[in-house]
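Report on one structure; see the data block that follows.
The values are calculated or read from the model by the stated rules, or taken from the named source; none is laboratory data. Just so we're clear, the structure is a prediction, and the values are computed from it rather than from any experiment. Here the Cβ positions follow ideal geometry from the backbone for every residue, glycine too, while neighbour counts run over all protein chains shown. These area figures cover heavy atoms from the full protein model, side chains too; ligands, DNA and RNA do not enter into them. Shrake-Rupley method; radii C 1.70, N 1.55, O 1.52, S 1.80 Å.
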Amino acid sequence: MTRITKRAEAHYESREVPFGKTYEWHPGYVILECDCGEELTLTSTSTITRCRCGTDYGAVVRDIREREGRLREKATHPWHY
């Protein structure tokens, strides 16, 4: 059975600089452990969605894309808050 070992939601990280703030985008991702033991890191822009054993994780990539499309306004535009 495939296991999710780590999952992160897309977000911006802000950093204070001398005359303001900078924002760095970090896309959402999922780290999976396949039944065959291989570890895969998938993001919304992943082009390779198959494990070496042939298992297709395209549905996971589509799910990440959908979740990024539904992020809260504060997560996608932190400079407004």
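Residues in the chain average 74 Å² of solvent-accessible surface per residue, probe 1.4 Å, ligands and nucleic acids excluded. Relative to the longest principal axis of the Cα atoms of the chain, the long axis of helix 58-69 makes an angle of roughly 20 degrees.
Whenever you get a sec, compute what percent of the accessible area on the chain sits on carbon and sulfur atoms (1.4 Å probe). In the chain, the share of accessible area belonging to carbon and sulfur is 49 percent. A cut-off under 13 angstrom between Cβ atoms defines the neighbours of E38, and their net charge, with Lys, Arg +1 and Asp, Glu -1, is 0. Here the dipole of the chain is about 180 debye; that uses its Cα centre as origin and unit charges on the Cβ of Lys and Arg (positive) and Asp and Glu (negative). Using the Cβ-Cβ distance between D56 and S14 with R0 set to 41 Å, the FRET efficiency from 1/(1 + (r/R0)^6) comes to roughly 0.65. When shorter helices are ignored and each DSSP H run of at least 4 residues is given -39500 (n - 2.57), the per-residue value for the chain at 222 nm works out to -5500 deg cm²/dmol.
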